1. Compute the distance in nm between two label points, each set 7 Å from the Cα along the Cα-to-Cβ direction, one at A97 and one at D595.
2. Sorted from largest to smallest, which semi-axis lengths in Å does the alpha carbon gyration tensor of segment 38-90 give for its equivalent ellipsoid, taking the root of 5 times each eigenvalue?
3. Taking amide hydrogens as modeled 1.01 Å from N in the peptide plane, which residues meet the under 5 Å criterion relative to Y493, leaving out close sequence neighbours?
4. Count the net charge of all other residues whose Cβ sits under 11 Å from the Cβ of E545, scoring Lys and Arg as +1 and Asp and Glu as -1.
5. For K434, what is the net charge nearby, where nearby means another residue's Cβ is under 11 Å from its Cβ and Lys, Arg count +1, Asp, Glu -1?
6. Enumerate the calculated ³J(HN,Hα) couplings along segment 548-562 in order (Karplus 6.51 cos²θ - 1.76 cosθ + 1.60, θ = phi - 60°), each rounded to whole Hz, writing x wherever the residue is Gly or Pro.
7. Dimensions of segment 77-204 along principal axes (Cα, Å, largest first)?
8. Which far-off residues, 5 or more places away or on another chain, put their amide H under 5 Å from the one on W266, with H placed in the peptide plane?
Amino acid sequence: MGNAKLKFSLTLILLVFAIVPALVVGAVGTFSIISYEKSAKIDTLKTVSLSKSSAIDQIFTDYISITSTLSKLQPVIETASEGGEAADDILDSFDAADKDIIDILIIGSTGNILASGTGSMNGSFEHFNADGAMPTVSALKSWESYKTDAFFVSKPIYADPDTKTGGELGYVCAVISVAPESSIGQAISGTYLGNAHYVLLDEEGNAVNFSGDGAVTRDGSFGSTKDEIFANTGNVSDINGYDSMYTAGMGRYEYSAGIIPNVTSWRWVGIADNSNFGGFAASTNLIGWGVIAAVCIIISIIAMVIIAKFVGKMHDMLKTMSAIGSDEGGTEIRFDVKKGRSELDDIQRSFNDLLDEIYLSEERHRTIAELSDNMLFEWDFHKEFMYVSPNTLAKFSLRPSDSTLSNGKFIDSLMNQDDADRYKRDINGLLKNKNSFSAEYQLTTVHGTVIWVLLRAVCITDRLGEPLRVIGVMTDIDNEKKLELQLSERASYDFLSQLFNRNTFIRTFISELERRGQNKVGVMFLDVDDFKFINDRYGHSVGDEVIRFVADTIRTKVDGRGGFAGRFGGDEFVLCYTNQEDIANLENIAMDIIDQLNNGYTTSDGMLINVKISIGIAFCPEHSDDANVMLSYADTAMYFVKKNGKMNYHVYMPEDSASGEYVDPEGYYSNGIPEETEQ
């Protein structure tokens, strides 16, 4: 019964798809094929144009991301607020990293240029919008400053970028080239579908590129369609797909248009001459319909003979394949291959071998996932399916069905914003470069704790270089990472005072001197008077309390004010000031420290101990811009106080060294900064 039904079905299908189409093609084939050709080529025009718009959108997104990142950097905020050269190196590096960036500028709130990536711009920003906020992406502009046409991407700079409070200090502005050799120029260049052109229109309707045959003029016009494009693409619900596109004919042209997703004020247009959409089918269809009908009849007769011979084996194959795919089927079901040597027998044997390999591979993968402490995931681009190993789901609150690795949506919900942004950039780079990467992130577990993980992922491509899968492994490195951070912190701080140790202070001090620009830097050298007497009289535990009391006191004088402090060992402390108001008032600050320490503190045994201290002060560049020399001068000034009554401060003068007030018996500064000694 089954064979008869299968034979009847195949015969009926053959008649319907061979003989009936031959008659239909003879009557209406010419018109249907012409219509099909036009529809297919219009779809090609839409598909290729939409693909190009995705590339353009990614370019815009990258530049918006660059300006957004720059607007949140502290040197940029400092330059926008106070001026100066704090952001010059950053602007230079971003400007040099991308050949398409003509310049990166920091613009004040009134349009004045505060800093330039090229270092050559000053005055007022050429296209500053004084009446309202600067656009994220501008229209195409003609620049007198750069002697070219370009657009700019801008982001406001806030005093507090996290909350966007404190007022807008200005803007970060990247001027982007649209020259033929630029990324945008390359993305919109060339023709397709015969002589179709891809045109990019800015918000004012100007064309970034225009076709040489006059199809599109410089102002973006072709016929009267420019206004129509903007009118019909302004209220779309899905700016990333076919539903958002507007397709129409205009005279001799067919075109499709749409919005650039992240720059919704711009439009893209794919435009082609009508001659591309017909002609071939009309000339060939009339000749071919008769041949098609004759061939269908001959094939029908031959096929019916062949069906009778192979239908039995086909029926068995369909039955077996149905069992394998059904709920009742299992991984052990195989084709019952006879001893025949026909093509169907070979197909069945090959299919059995393939099922065996798939079964072994699945078992191997499942066993590895269950035995390994590593957490596995795999994204299949064709099926758009995310596999996540059970141990991953047990540790993190994830929904694989909602994950789409192609847009970075997977573990980003478990991260803070900085890590999430970095993770998405890493995934985008992985998919763009089709390689592998390794990075560390902090994730929130199902229990609410935050742990460190190491994520390694690799992109697997097909023979054409298109992504097939992304396979990744996450490893819990929380204990190792926390130990690493603890060791790093301990290596930088003095254990007793919890201030910078000697080496850390000197490294930080040298860095401050190197980046100070035209600003002053002040340094204080402090030494507790008669500290040996305190140790001898009250004991070393009280001496340790004195050290902590001094450290806690001087910490209040630098924390939150741009300065830092360190302990050089014993009862010696050093403070660095970079705040210009504090530097101008450094002598008063020194007296405040002396008075506050002299007021004393009460020990754990109830004793009041008044701590006296001597302070030496030196300034950069007034005394020197060398870290070693400045510390030696401040030390010399401190010894001047020691020899002249103690419990006071003194600003270094050249006569202090010349008069022999201070002798450097250990050669600390004459021979360079020594290695840190254990205290």
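The values are calculated or read from the model by the stated rules, or taken from the named source; none is laboratory data. Just so it is clear, the model here is predicted, and its values are computed rather than measured. Virtual Cβ from ideal backbone geometry, glycine too; neighbours counted across all protein chains shown. Surface areas here come from the heavy atoms of the whole protein model, side chains and all, with no ligands, DNA or RNA. Shrake-Rupley method; radii C 1.70, N 1.55, O 1.52, S 1.80 Å.
1. Reported label-point gap for A97 and D595 is 4.9 nm.
2. Numbers: eigenvalues 378, 10, 8 Å².
Those come to 44, 7, 6 Å.
3. N501
4. -2
5. Residues close to K434 contribute a combined charge of -1.
6. Taking θ as phi minus 60°, the curve returns 5, 5, 4, 4, 5, 5, 6, 5, 5, 8, 10, 4, x, 10, x Hz for segment 548-562.
7. That gives 56, 29, 28 Å along the principal axes, largest extent first.
8. Placed amide hydrogens put I260 under 5 Å from W266.
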